[in-house]
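Here the structure comes first, spelled out in structure tokens, and everything after it is commentary.
The values are calculated or read from the model by the stated rules, or taken from the named source; none is laboratory data. Note that the structure is a prediction, hence the values are computed from the model and not measured. Ideal geometry is used to build each Cβ from the backbone, glycine not excepted, and the neighbour counts take in all protein chains shown.
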Amino acid sequence: MRKAFISVVILILIAIMQLTLMTAQGYSGSQILLPLLTKPVTVDGKWTAADEWSDAVVITLINCNCSSVTANGYLYAKHDPSNFYFLIDFASSTVLDGQHDNMDVFLDPLHNGGTVPQSDDRVFVVGTSGGVMNVGAGVSQWSLNNPLPEGVKVVFSMAGSSNRAQPHEIVEFMVPFSMFSGMQSTIGFSVAAGHGSVGSSEFSLALWPANRQRDNPSTWGEVAMSSTPIPEFSSVWSVIAATLLVSVTLTWSRRRASPKG
Ligand SMILES: [Ca+2]
Ligand SMILES: [Ca+2]
């Protein structure tokens, strides 16, 4: 009986480990595993519906500790068979005063790193007015003000979210894979959200990954594409239920098989 109890405990522990692995999927060190979306995105710079991004991986951006002002924000990310979808929820930036505010996504589609931007690398810079610059780099530095490639949608707004009710800066991106020639299944990736104030030299900055350098793709993180959605809560419970069922069945069959008396 005691052995059976221990078996059940071990199986429950295995179930919990499975649960942990399933919920932790999406972030491993400096790699983000992008889930396949189950809910379509309306690119309007805000949560169009409360569950619009509930199927996305969520990454907390990391305050750079480079000033006395703390920045906090979140990246939501997912994909469908043709596009990346990103949302940056810059919760700490509630005042749009036109001073160095920006939310940027950096992509290294050939995943070839380098200590300076390469010709395949792109950054989408969403500036203070909500204007967007697509920035490609040919030789060792970013070249600004390139036109937005066909199929890219970027919309910015000041809106509330579940992270902060007070209206703040939010940007949504749709980036088609077709704009990248020879894109790898795992690519270089980085995010920055910065906020300054008129009349102040203070500047707050939140990043992913921490300590990444804007102009050095080798310091960025990675995104890898998952071919499956993030498991629903119900599927997690179904794993636990199935494990419990197996454990109870095993215990019962062992008791039946044990010699009596
Ligand atoms: Ca939306
Ligand atoms: Ca590159």
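Just give me the residues in region 30-79 being hydroxyl-bearing (Ser, Thr, Tyr) and under 9 Å from the mean Cα position of the chain (by Cα), in sequence order.
Result: Thr60, Tyr74, Tyr76.
Could you grab me the full set of residues in region 151-175 that are surrounded by fewer than 18 Cβ atoms within 10 Å (Cβ to Cβ) and either touching a Pro at 6+ places or on another chain (Cβ under 8 Å) or of a type in the set (Gly, Ala, Ser) (or both)?
Those that are surrounded by fewer than 18 Cβ atoms within 10 Å (Cβ to Cβ) and either touching a Pro at 6+ places or on another chain (Cβ under 8 Å) or of a type in the set (Gly, Ala, Ser) (or both): Gly151, Ser157, Met158, Ala159, Gly160, Ser162, Ala165.
Look at Thr251 and say whether it is over 26 Å from the mean Cα position of the chain (by Cα) and either surrounded by fewer than 18 Cβ atoms within 10 Å (Cβ to Cβ) or at pLDDT 90 or above (or both).
So Thr251 fits the description; yes.
Can you tell me how many residues within region 184-215 are surrounded by fewer than 18 Cβ atoms within 10 Å (Cβ to Cβ) and either free of Cβ contacts under 8 Å to residues at least 24 places away in the same chain or assigned to a loop (DSSP other than H, G, I, E, B) (or both)?
Going through region 184-215 one residue at a time, the tally reaches 13.
Give me the residue from region 27-67 that is polar (S, T, N, Q) and more than 16 Å from ligand 1 (Cβ to nearest atom) and, out of that set, modelled with the lowest pLDDT.
Filtering region 27-67 down to residues polar (S, T, N, Q) leaves 28, 30-31, 38, 42, 48, 54, 60, 63, 65, 67.
Restricting the remaining residues to those that are more than 16 Å from ligand 1 (Cβ to nearest atom) gives 28, 30-31, 60, 63, 65, 67.
Details: Ser28: 37, Ser30: 84, Gln31: 90, Thr60: 95, Asn63: 93, Asn65: 82, Ser67: 81.
Applying the filter and picking the extreme gives Ser28.
Specify the residue that is surrounded by the most Cβ atoms within 10 Å (Cβ to Cβ); the eligible residues are those in region 76-94 that are polar (S, T, N, Q) and closer than 24 Å to Asn63 by Cβ.
Ser93
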